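Nothing in this text is a laboratory measurement; each read-out follows from the coordinates by a stated rule. This one's a predicted model, so the numbers in the text were calculated from it and none came from an experiment. Neighbour counts run over all protein chains shown; Cβ positions are idealised from the backbone, glycine included.
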Amino acid sequence: MIQSLLNRLLAPTPARLPEPDARLALAALLVRLARTDGDYAASEIARIDRVLADCHGLSPFAAASLRAEAEAFEASAPDTVRFTRALKATTEHEDRAVLLQALWSVALADGERGAEEDQLIRLVTSLLGLTDVDSALARQKAART
């Protein structure tokens with residue numbers, strides 16, 4: 001499954017991902033964000049599991065399993081630009097702010113806001129077709145959860 005997704009993402013124009021692949025792409029993006037600062041903290045892992053469970057209605061075990069699969073996928077995944085483009089193609093515009101809120105939730109989970117995480121979120125915000133204001137609102141909502 002992972003190789004199939006990688007092949008599609010590496011294609012000149014990534015095809016629209018089916019639902020399971022979209023879930024994996026989101027999970028891998030969350031993992032990428034958590035790993036960006038070089039400290040993949042237990043609090044970030046727990047937050048990823050919670051976000052995946054909440055977003056997709058998964059049991060804690062299924063969310064952890066999806067995250068584990070995403071960790072392997074993220075390690076060999078293409079660049080973030082293509083990755084996010086594939087997510088944008090599978091997510092309606094009004095739902096992209098929820099993705100951004102999930103990213104901020106993971107970035108804030110360890111109590112530190114690293115420059116690398118900020119940079120990745122700025123890139124993803126732009127690639128999702130959202131604004132800095134959308135990002136700030138998503139960050140504020142994530143901070144309250």
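Structure values in brief
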quantity	calculated
Segment 69-92 residues near the modelled TYR40 label - backbone nitrogen below 16 Å, point 7 Å along Cα→Cβ	69-78
Cβ-based charge dipole, the chain, positive-most Cα from GLN119, THR84, LEU29	THR84
Lys, Arg +1 and Asp, Glu -1 on Cβ, resulting dipole of the chain about Cα centre, debye, nearest 20	300
Taking GLU44, GLU116, GLU94 and counting other C-beta atoms within 10 Å, the order from fewest to most	GLU94, GLU116, GLU44
Gained length - LEU123 relative to SER76, 0.36 nm times residue gap less alpha-carbon distance	15.0 nm
Length-normalised contact order of the chain in % [C-alpha pairs under 8 Å, at least 6 apart]	31
Cα-based convex hull volume of the chain per residue, rounded to whole Å³	99
Rounded if a/c under 1.5, otherwise prolate or oblate - segment 70-145, Cα gyration tensor axes	oblate
Förster-model FRET efficiency, 35 Å R0, PHE61 and LEU137, C-beta, rounded to 0.05	0.60
